[in-house]
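Peer 1: Take this structure, written in C-alpha cells, and hold onto it; I'll ask about it next.
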Amino acid sequence: MSDNITAHLEKRLGRIHARQRLGIENDHEQRVFGGGLNFFHIENWYSVHSFIRISLQLTGLYWRGHRNAARIVIRHNDIGLSGLPEAFRGYTILQISDLHVDTNEDAVHRLIEILRDLDYDACVLTGDYRGKTYGPIDETLDGMARVRTYLKDPIYGVLGNHDTIRMLPGLEEMGIRMLLNESARVQRQGSCIHFSGIDDAHYYRVDNMEKAASGVPQEEISILLSHTPEIYRHAAHSNFDLLLGGHTHGGQICLPGGIPITLDASLPRHMGSGPWEYQGMSGYTSVGIGTSVVTVRLNCLPEITLHHLYPR
C-alpha cells in the first residue's frame, strides 16, 4: 500500500484505527480458521466451493439456484419507533446489503433496473461490496460506481468482512458517507434523527460502538448500521433504537420455507433474516443481493428493503 493512502486513512480514521485495520488485513484476510466471531470462515476455503458447486449440479439444483441469484425482490418493512418526531413520519430508508458486485453481473444489472423507479429519503449500504476477502479492488470500485449512479442522496455506508479499508477513499469520492465508528445527523423541520455506523465487527473486530454513539443525544432517535447483526446485544444496551445489518445472506441456500442450513453468524436463527426485536430495539437483517461461495440462491431470493418509519 502506498504511503499516500496510509497517510490518508490515518488522517481520516485516526492512526490507531487505520493501523489496526490494515495490520489485521495483511495478517489474516485469507484465513480459513481462527479470528473473528466465527472460528471457521468457509468463504476462504476455495476447494470447498467447487465441491458445493458440483454437488448442486449433480442434484439438478444448480441452474435453478443460479437464476434465482438475480431475481431481486423489493421488501417493505414498517417500523414503529417510540419518540420518532412527527416530521419523520413515513421517512423511508432504502437498505442494500452484501452486493458482492464483482461476482454476479446479472444481479447488478437487475438492481440498476429496479433503482431507476424507487422513491426513498435515504439509502444505507450495510457492507460486503467485494466478492473475495482479499486481492485487487478496482473491479469492486467500478461496480460500486455503476450502482452509485442510480442512488439518491444521502447515502450512508459501512464496511463488511469482505471489504478492505483501502476501498474507503474510492467509496467516499463517489459521495457515499462512510460511517466507521461515526454518526451523521439528519434534520427535518427542526427535528432530527441520527445514523451511526461501525466498522466490521464479524471478522476484523475494529468496531467501536461507544465512539459511534458519542454525540448522539439519548432522547433522539438513533439508527445503527452494522454489517453483522451479531452485535445486537451491545447495540440494544447502547440505546440504539434500530439496527440495520446483513452478512448472513439469510442462509443463501435454504430448505423449503426459507429455513437456513447455515447462517455463518453467531446469533439466534430468528435474527438471521427479516425484522426482529430485542430489549426494545427494532432490528432488520437483510438477506442481501450478492452471493458467497457459489452464485446460487435456493429458497432465499436476493432483496433490497424499503424501511418506512412511523411514531410508535
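Peer 1: Among T228, T285, T295, which is β-branched (V, I, T), out of contact with any Cys (no Cβ under 7 Å at 6 or more places or on another chain) and farther than 22 Å from N181 by Cβ?
Peer 2: After ruling out the rest, the residue left standing is T295.
Peer 1: Of the conditions (1) farther than 22 Å from G197 by Cβ; (2) crowded, with 20+ Cβ neighbours inside 10 Å; (3) in contact with a His (Cβ under 6 Å, 6 or more places away or on another chain), D78 fails just one. Which one is it?
Peer 2: With (1) farther than 22 Å from G197 by Cβ; (2) crowded, with 20+ Cβ neighbours inside 10 Å; (3) in contact with a His (Cβ under 6 Å, 6 or more places away or on another chain) applied to D78, the lone miss is (2).
Peer 1: While we're on this one: Take the residues of the range 185-213 that are without any contact (Cβ under 8 Å) to a residue 40 or more places away in the chain and in contact with a Ser or Thr (Cβ under 8 Å, 6 or more places away or on another chain): which is farthest from A145 (Cα to Cα)?
Peer 2: E210
Peer 1: Failed condition for A201, given (1) of a type in the set (A, V, I, L, M); (2) buried (at least 23 other Cβ atoms within 10 Å of the Cβ); (3) modelled with pLDDT under 95; (4) farther than 23 Å from G290 by Cα, with all others met?
Peer 2: Condition (4) is where A201 drops out.
Peer 1: Next question, about the same structure. Would you mind finding the one in F88, F40, F33, F51 that is modelled with pLDDT under 90, closer than 28 Å to E303 by Cβ and in contact with a strand residue (DSSP E or B) (Cβ under 8 Å, 6 or more places away or on another chain)?
Peer 2: From the options F88, F40, F33, F51, the qualifying one is F40.
Peer 1: Give me the pairs: first residue in the range 217-246 and without any contact (Cβ under 8 Å) to a residue 24 or more places away in the chain, second residue surrounded by fewer than 22 Cβ atoms within 10 Å (Cβ to Cβ) and in a loop (DSSP other than H, G, I, E, B), beta-carbon distance under 9 Å, and six or more apart or on different chains, which are they?
Peer 2: Q218/N239
Peer 1: Also, quick follow-up: Any idea which residue in the range 151-186 is surrounded by the most Cβ atoms within 10 Å (Cβ to Cβ), counting only those that are within 16 Å of H8 (Cα to Cα) and among the acidic types (D, E)?
Peer 2: E172
Peer 1: Any idea which of G274, G280 is out of contact with any Leu (no Cβ under 9 Å at 6 or more places or on another chain) and closer than 21 Å to H76 by Cβ?
Peer 2: G274
Peer 1: Tell me whether the range 238-250 contains one or more residues that are among the hydroxyl-bearing types (S, T, Y), more than 27 Å from A107 (Cα to Cα) and in a loop (DSSP other than H, G, I, E, B).
Peer 2: Looking for residues that are among the hydroxyl-bearing types (S, T, Y), more than 27 Å from A107 (Cα to Cα) and in a loop (DSSP other than H, G, I, E, B), one finds at least one in the range 238-250, hence yes.
Peer 1: Scan the range 285-294 for residues that are hydroxyl-bearing (S, T, Y) and touching a Lys or Arg at 6+ places or on another chain (Cβ under 9 Å) and report the count.
Peer 2: Final tally of qualifying residues: 2.
Peer 1: I'm trying to understand the selection: among the residues of the range 216-230, which are closer than 24 Å to R269 by Cβ and surrounded by fewer than 24 Cβ atoms within 10 Å (Cβ to Cβ)?
Peer 2: Of everything in the range 216-230, just one residue is closer than 24 Å to R269 by Cβ and surrounded by fewer than 24 Cβ atoms within 10 Å (Cβ to Cβ), namely E230.
Peer 1: Check every one of the helices (runs of 4 or more DSSP H) wholly within the range 136-219 and list those with 3 or more residues that are closer than 24 Å to L118 by Cα.
Peer 2: Details: elements: 138-148, 168-173, 209-213.
Output list reads 138-148, 168-173.
The values are calculated or read from the model by the stated rules, or taken from the named source; none is laboratory data. These numbers come from a predicted model, not from an experiment. Don't worry about glycine lacking a Cβ; one is built from the backbone with ideal geometry, like all the others, and counts go over all protein chains shown.
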